[in-house]
Structure formats: C-alpha cells, structure tokens
Amino acid sequence: MNILKKISQVNHYHLDESNIKSLALHLDTLIEKISEGYSFRDNSFLEHKQQSDIELEKELAVAEHICREISDQLEVELPESEKYFISLYLKAMNEKYTEKKIGVLILTHGNAAATDFAATANQLLNVEHAVGLNMPLSQSVGETLEKATAIVQKIDQGKGVILLSDMGSLNMFGDIITKKTGIPTGTITMVTTPMAIEATRKALLPKMTLQQLAEDIVEQSGYIGNSVQEFQEKNLEETSGIFEDDRRRKIICILEESLIFLDGTTIYDLLETEAHKICEHYQIDHYEDFWIKFLFHTSNMIERAIRKEQFLREETTGIIQRNPSLYDFLREMLTPIENRFAISIEDSEVTFLMELIEVNSEMIA
C-alpha cells in the first residue's frame with residue numbers, strides 16, 4: 001500500500017483509500033501466485049492492447065511505475081499483461097472520480113444557517129460537496145453577491161450550480177451570476193434542511209441535469225419534511241392570538257438589523273397596508289408565509305432603490321407582457337412609496353414582485 005500511495009503522489013494521480021486497498025489486495029494475490037511458480041500467458045491479452053494505448057497513456061505510465069517499483073523492491077517480475085490490467089483499473093477509477101457534478105450553493109440571511117445546512121447535507125451524505133454562504137445582517141447585498149459569484153466560479157464543474165436561498169434579494173442571485181459569468185444556475189427558494197440534503201444528493205448523480213434537479217426539488221418540496229410543517233402550522237394557529245404582538249416585535253427587530261436607511265416599524269406598518277391591498281385583489285394562499293416574504297423582499301427592494309443598487313434582468317419585458325394588469329396594479333401601489341422615499345423603482349424590480357404574487361396566489365381580478 002505504501003508503494004501505491006507514494007506513486008500516486010509522485011505522479012499527481014488521484015487514488016482514494018478504498019481504491020488503493022483494492023489494488024493492493026489484487027497485487028498481493030498476484031505476487032503470491034508468482035512466488036508459487038504460477039505461469040502467465042500474455043499473448044491473447046496483448047493482441048488487442050495497441051488500440052487502447054493512446055487512451056490509456058497516463059494510466060499506462062502510472063501502471064508501469066507501479067510494476068517497476070514492485071519488481072525492484074520485492075524482487076519479483078510481474079507479467080507484461082499486468083501493466084495493462086492496472087492501467088485499465090486506474091482508468092475506470094479515475095473516470096468515476098472525475099465525473100462532472102452539479103455544484104450546490106446555499107445562501108441564507110444571518111450568521112450560520114447556510115453553512116449549517118451545507119454541513120448537515122455533507123455529513124449525512126459523507127461528501128464535501130455543498131457550500132454554504134451566510135449573509136450577516138451587517139453585510140451589504142453587493143458584497144454577498146461578489147462572494148457568491150466567486151464561489152459559483154470555483155465550484156462549477158461544467159454542469160452549472162444550483163442555488164438554494166431563503167428569501168429576499170438572495171433569490172435573485174442566480175440570474176445575475178449567470179448573466180455575469182455565463183455559468184448556468186438554477187434557484188430554489190425557501191430552503192430547508194431536507195431540501196438541502198436532497199438537492200446535494202441528486203447533484204451528485206452523474207446523469208442529473210441542472211433543470212431536472214431544480215424541477216425535482218421544487219416538485220418534492222411540498223412533501224419533504226411535511227410532518228414538521230404541519231406541526232408548525234397547527235402550533236401557530238393555537239398560539240397566534242397570545243403571541244401576535246410579541247411576534248410583530250421580533251419581526252421588526254430582525255427587519256431593522258437588515259436595513260440601513262429604513263425604520264423597521266415604519267416600513268412594517270406601511271408594507272402591511274400594501275399587503276392587505278394585494279389580498280383584496282388576489283387570492284393569496286398562506287397569507288402569513290406571503291406576508292413575511294413580501295415584507296423582507298419589498299423592504300430590501302426599497303433599500304436597493306435608495307442605494308441605487310437595483311437588480312436588472314433580461315426577461316423584464318416578457319414578464320410584464322405576460323401579466324400587464326398585475327404590473328399596472330403594482331405600479332399604482334408603488335407610486336406613493338416612490339414619492340415618500342424619493343426613489344424610482346425599476347421595472348425589473350417590479351417583475352420580481354409580480355412573480356412573488358403569482359407564485360403565492362390565484363388571480364381573481
């Protein structure tokens with residue numbers, strides 16, 4: 001085994017522990033047979049070796065090194081065919097090791113959630129594949145986007161990267177990164193631990209595509225961890241009356257930690273009014289879920305407009321044309337907000353709001 005490890009390092013050729021053990025066991029058996037006087041006939045095997053020499057060039061060099069070291073150190077001559085057997089074994093193992101996989105990047109607000117999601121998925125699957133990027137409340141969107149872009153460029157193996165995010169501006173990173181780098185991305189929102197585990201598991205499958213992975217996780221998200229969700233919803237219904245004021249205070253506290261220019265209480269009350277207007281025109285499913293997403297998304301959207309860091313997207317015109325009535329409704333709703341904060345909200349930002357409403361509603365007006 002020491003010979004194999006040394007040769008692997010010298011030749012910069014990957015061999016993991018299990019492959020080294022397997023190959024060492026084979027060589028031990030072979031050497032034992034040779035020492036017992038077993039004779040090998042190479043002719044039938046070597047007749048076909050020439051056609052694969054080019055494809056196995058690197059593996060042949062490593063295999064020849066292995067055979068030479070064994071012969072020198074153990075004073076035993078290995079048959080010529082053994083060099084080609086070892087090269088074929090190395091080729092098969094290396095192809096398995098170098099198979100391209102979809103990258104996984106988890107993005108969440110706060111100090112630890114994303115890295116915890118990634119660590120849990122990696123530990124359960126016994127891999128080091130998923131990567132987590134936390135966005136502390138003191139960190140700007142632009143800085144986080146730069147870090148996410150660098151990570152995507154690092155972990156992309158040619159099949160793209162799936163982004164799992166929790167809410168707000170992080171949900172838009174995929175489009176921006178793809179436009180900037182050309183690397184295909186897919187985005188799955190409202191990430192949970194089971195979703196992170198399943199996405200990482202499927203990202204490792206050799207024949208999995210980025211589109212299929214995104215579709216599979218979105219389709220299954222209603223079932224993954226469903227019992228926990230049902231318990232939480234039931235518990236919320238039973239205690240909402242008691243803790244409503246405390247809940248509002250905590251949300252405002254969290255909101256204020258993510259804002260620089262806006263007052264948490266003011267924007268909470270303002271956007272709560274606008275959320276009710278939306279509910280009067282559109283049938284919103286699971287209002288509490290929608291309200292939290294709308295609150296954090298829209299408050300961050302206003303902050304971006306104040307900072308002049310608004311997100312742009314190529315699909316803006318198409319999305320507006322698909323649902324002009326919703327666009328007009330939101331434009332009218334946002335006008336007082338624009339006037340109040342002396343900002344101008346880009347159409348591209350409005351389309352993200354349109355999608356948020358479309359995903360969470362059935363249109364009735």
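Okay, here's what the table says:
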| quantity | calculated |
| --- | --- |
| Pick from segment 29-81, criterion among the basic types (Lys, Arg) and modelled with pLDDT of 70 or more, ranking: farthest from Lys91 (Cα to Cα) | Lys33 |
| Search result, residues across segment 179-197 that are surrounded by 17 or more Cβ atoms within 10 Å (Cβ to Cβ) and either over 19 Å from Ala112 (Cβ atoms) or under 12 Å from the mean Cα position of the chain (by Cα) (or both) | Ile183, Pro184, Thr185, Gly186, Thr187, Ile188, Thr189, Val191, Met195, Ala196, Ile197 |
| Condition met for Phe294 (out of contact with any Phe, Trp or Tyr (no Cβ under 9 Å at 6 or more places or on another chain), closer than 15 Å to Ser361 by Cα and touching a residue at least 24 places away in the same chain (Cβ under 8 Å)) | yes |
| Residue count for segment 318-345, restricted to those that are surrounded by 12 or more Cβ atoms within 10 Å (Cβ to Cβ) and within 28 Å of the chain's Cα centre (by Cα) | 1 |
| Extreme residue, surrounded by the fewest Cβ atoms within 10 Å (Cβ to Cβ), among residues of segment 9-28 that are among the small types (Gly, Ala, Ser) and modelled with pLDDT under 70 | Ser18 |
| Boolean, Ser344 is part of a loop (DSSP other than H, G, I, E, B) and within 30 Å of Thr178 (Cα to Cα) | yes |
| Filter result (surrounded by fewer than 16 Cβ atoms within 10 Å (Cβ to Cβ) and either touching a strand residue (DSSP E or B) at 6+ places or on another chain (Cβ under 7 Å) or touching a residue at least 12 places away in the same chain (Cβ under 8 Å) (or both)) within segment 141-158 | Gly142, Lys147, Gln153, Gln157, Gly158 |
| Subset of segment 151-168 (residues that are over 11 Å from the mean Cα position of the chain (by Cα) and more than 23 Å from Asn300 (Cα to Cα)) | Gln153, Lys154, Gln157, Gly158, Lys159 |
| Qualifying positions in segment 285-300 - over 24 Å from the mean Cα position of the chain (by Cα) and buried (at least 19 other Cβ atoms within 10 Å of the Cβ) | Trp291, Leu295, Thr298, Ser299 |
| Helices (runs of 4 or more DSSP H) contained in segment 214-328 and holding at least 1 residues at pLDDT below 80 | 226-258, 287-307 |
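For every residue, the table says whether it meets (1) within 30 Å of Ile260 (Cβ to Cβ); (2) at pLDDT below 95; (3) of a type in the set (A, V, I, L, M, F, W, C).
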{"residue": "Asp116", "(1), (2), (3)": "yes, yes, no"}
{"residue": "Gly132", "(1), (2), (3)": "yes, no, no"}
{"residue": "Thr144", "(1), (2), (3)": "yes, yes, no"}
{"residue": "Lys159", "(1), (2), (3)": "no, yes, no"}
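The values are calculated or read from the model by the stated rules, or taken from the named source; none is laboratory data. Source: prediction; values computed, not measured. For neighbour counting, all protein chains shown are included, and Cβ atoms are generated from backbone atoms with ideal geometry for every residue, glycine included.
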